[in-house]
1. Just checking, how many residues over segment 175-207 are closer than 23 Å to T348 by Cβ and of a type outside the set (S, T, N, Q)?
2. Considering only segment 153-171, I want to know if a residue exists there that is at pLDDT 95 or above and over 30 Å from P74 (Cβ atoms).
3. Pairs under 9 Å by beta carbon, first residue farther than 26 Å from K537 by Cα in segment 343-368, partner part of a strand (DSSP E or B) and of a type in the set (K, R), six or more apart or different chains?
4. Counting just the residues of segment 195-212 that are touching a helix residue (DSSP H, G or I) at 6+ places or on another chain (Cβ under 6 Å) and modelled with pLDDT under 90, which one comes out surrounded by the most Cβ atoms within 10 Å (Cβ to Cβ)?
5. If P115 satisfies all but one of (1) closer than 16 Å to L15 by Cβ; (2) out of contact with any Phe, Trp or Tyr (no Cβ under 6 Å at 6 or more places or on another chain); (3) of a type outside the set (K, R), what's the number of the condition it fails?
6. Looking at T14, T27, T40, T44, which one is among the β-branched types (V, I, T), assigned by TED's automatic domain parsing to the domain that holds D160 and either under 21 Å from V145 (Cβ atoms) or within 34 Å of the chain's Cα centre (by Cα) (or both)?
7. Please go through segment 134-147 and pick out each residue that is touching a strand residue (DSSP E or B) at 6+ places or on another chain (Cβ under 7 Å) and either in a helix (DSSP H, G or I) or without any contact (Cβ under 8 Å) to a residue 12 or more places away in the chain (or both).
8. Taking L106 as the residue in question, decide whether it is in contact with a helix residue (DSSP H, G or I) (Cβ under 8 Å, 6 or more places away or on another chain), at pLDDT 95 or above, of a type outside the set (S, T, Y) and in a helix (DSSP H, G or I).
Amino acid sequence: MPRVKYILLDCDNTLCLSERLAFEACTDLTNEVLEKWGKTERYTVEQLLEDFVGHNFRGMLVGLQKKHGFTMTPEEVDAYVDRELGAVTAKLSEKCTPCPGAPEQLEALKQQGYPMSVVSTSAKPRVVASLKKTGIDKYFPDEHVYSAATSLTPPSSKPDPAIYNYACQQLGVKNSECVTVEDSKSGATAAMRAGIPLIGYVGVYGIEEGPEKMEQMAKLLTEQCKANVIMYDWKDFPECLKKIEEGLRFDWTAAATRNSYSYPPATARASIGGEMSTRVPFAAAQYVASAMPLRYFRTGLYPAPQFPYTLGREGEGTIVAVGPGDVLDFKVGDRVVYMGERAYAEFTTSPATRAVKVPSSFKPGTAAAALLQGLTALTLVREAHSVKKGDWVLVHAAAGGTGLLLCQLLRAIGANTIGTVSTAEKAELAKQNGADHTINYSHEDVKARVLELTGGQGCIAIFDGVGKSTFDLSLECVARKGSLISFGNASGAVPPFAIARLTAKNARLMRPTLFNYVTTREEFVGYSEELFSFIEKDGFNVRVHEIYPLTEVKRAHEDLEGRKTTGKLLLDPSK
């Protein structure tokens, strides 16, 4: 059975009965803040827990300002955070106790060789005080105790997933290879957004508030936070972990043929820091998301998602809400196109840094159809191999979405473009979009035709998004000192090969990804604006094969996999 590589554990009310003690210590400070800023409201410990459980004190102060309508300076916030930390740490060092059964399970995990880490929203001194008082600090080296309040710059607070992403990065594991235990909605939401399998622990609610609250939280963590399994008592942890690890043994062979899609009701959730919520009239179907490339997950080429999994990596829509923090110059009502996750939905969220405004001259859907494949084409001819006027270039799958855009860009540069296609209709389409020559590989010898057209020299650049089935052919067609740019796996991943095969022509092999070319905001905006300029001013054709209702996503993916399409497939979530 596949084994979880790291167990990540929340601290407050998951490992240690510390939440109520901490809130007792900060209730007086909270009421002091409200009094100082002229507010008449006052909190009890129970009310503070109800409103802010799972938040650190800095996050609590942000929430208080928003809820009660006042403003604190950063210096004032820092001063109160320091005071609260001292008061809470003192109380935890004196009175904190472990959650029943937790120490025994930690010892068992240690004996089984599972590495463990604490990932908390609370300040690290407070976490360490709880761990030491309860005697479980021996299971967690200091460098494996992570705090959203003190490990991150700038500080954060769950439900922001930043602390989970940071911890996994520091520990050298993929998020999907871990499991976490959380008791609160904010913590569980952070885990869900980070893509980490989640055990929702509700036993503490039975201890402190009774069985009705415990069942209420079990339902919330399952329905709203997508907990993989609910744990009512720490003695149940081994069985919960077993269920998680059995989930890692998912039958991808069956998944590749099942094509199971569901359509839950549309809701617009609140955005977190730096995010925007968008109503999506158009999402783009990607080859990577189709049924056929599920073998990528089986082979480990791509990390396996946790089910249920929402597809989609690009979309176009109108902003309906913005979260706190830096959302750049975006505002509600802006029409944007974005790269992100979960685009196959009527509403979705995305980081502001991965979105750009859509030019007003664009027809609806144009930006969604152009973004990922257009940016891919641009970065391929600008950075993967800087194509120059007069170069001979081979483009595989020239009638596909990326292929058509590549042909147009190469025509604008003045290159001699050869495109491979599978039908006469696709050959005509490729020529209309800039291919100077086409080769129908269904009945023509591609290598012979390339050498004929290039005077026996081959192509100085080959852009190959097909992968396994064309790799050897591409090596045969590349010119001396030429570049083979392999950027896709439509036919499967390229298998291992002897690097010495490149020496015969001093050829250069590259396997780029778009996301490494547009890592910074400046790169992303720069290339997006250049792409939009080509479309607006140079009349680039962004071909849309068909707009499918989202409920027909299975048909869209089958068409894509069956090579029945040319250009881009769009999905309409409103249908």
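The values are calculated or read from the model by the stated rules, or taken from the named source; none is laboratory data. What you see is a predicted model; the values in this text were computed from it and never measured. Every residue, glycine as well, gets a Cβ built from its backbone with ideal geometry; the counts of neighbours run over all protein chains shown.
1. Taking segment 175-207 and keeping what is closer than 23 Å to T348 by Cβ, we get 175-176, 185-198.
With of a type outside the set (S, T, N, Q) added as a condition, the list becomes 185, 187-188, 190-198.
Total satisfying the criteria: 12.
2. Yes - at least one qualifying residue is present in segment 153-171.
3. Note: pairs meeting the criteria are E346/R279; F347/R279; T348/R279.
4. Keep residues of segment 195-212 that are touching a helix residue (DSSP H, G or I) at 6+ places or on another chain (Cβ under 6 Å), which gives 195-200, 202, 205-206.
Filter once more, keeping what is modelled with pLDDT under 90: 195, 206.
Numbers: G195: 20, G206: 17.
That would be G195.
5. Result: P115 passes all but (2).
6. Details: T27 fails: either under 21 Å from V145 (Cβ atoms) or within 34 Å of the chain's Cα centre (by Cα) (or both); T40 fails: either under 21 Å from V145 (Cβ atoms) or within 34 Å of the chain's Cα centre (by Cα) (or both); T44 fails: either under 21 Å from V145 (Cβ atoms) or within 34 Å of the chain's Cα centre (by Cα) (or both).
Going through T14, T27, T40, T44 in turn, just one is among the β-branched types (V, I, T), assigned by TED's automatic domain parsing to the domain that holds D160 and either under 21 Å from V145 (Cβ atoms) or within 34 Å of the chain's Cα centre (by Cα) (or both): T14.
7. Just the residues of segment 134-147 that are touching a strand residue (DSSP E or B) at 6+ places or on another chain (Cβ under 7 Å), to begin with: 134, 136, 139-140, 144-147.
T134, Y139, H144 - these are the residues of segment 134-147 that are touching a strand residue (DSSP E or B) at 6+ places or on another chain (Cβ under 7 Å) and either in a helix (DSSP H, G or I) or without any contact (Cβ under 8 Å) to a residue 12 or more places away in the chain (or both).
8. On the way: in contact with a helix residue (DSSP H, G or I) (Cβ under 8 Å, 6 or more places away or on another chain): yes; at pLDDT 95 or above: yes; of a type outside the set (S, T, Y): yes; in a helix (DSSP H, G or I): yes.
Considered against the rule, which asks whether it is in contact with a helix residue (DSSP H, G or I) (Cβ under 8 Å, 6 or more places away or on another chain), at pLDDT 95 or above, of a type outside the set (S, T, Y) and in a helix (DSSP H, G or I), L106 comes out as yes.
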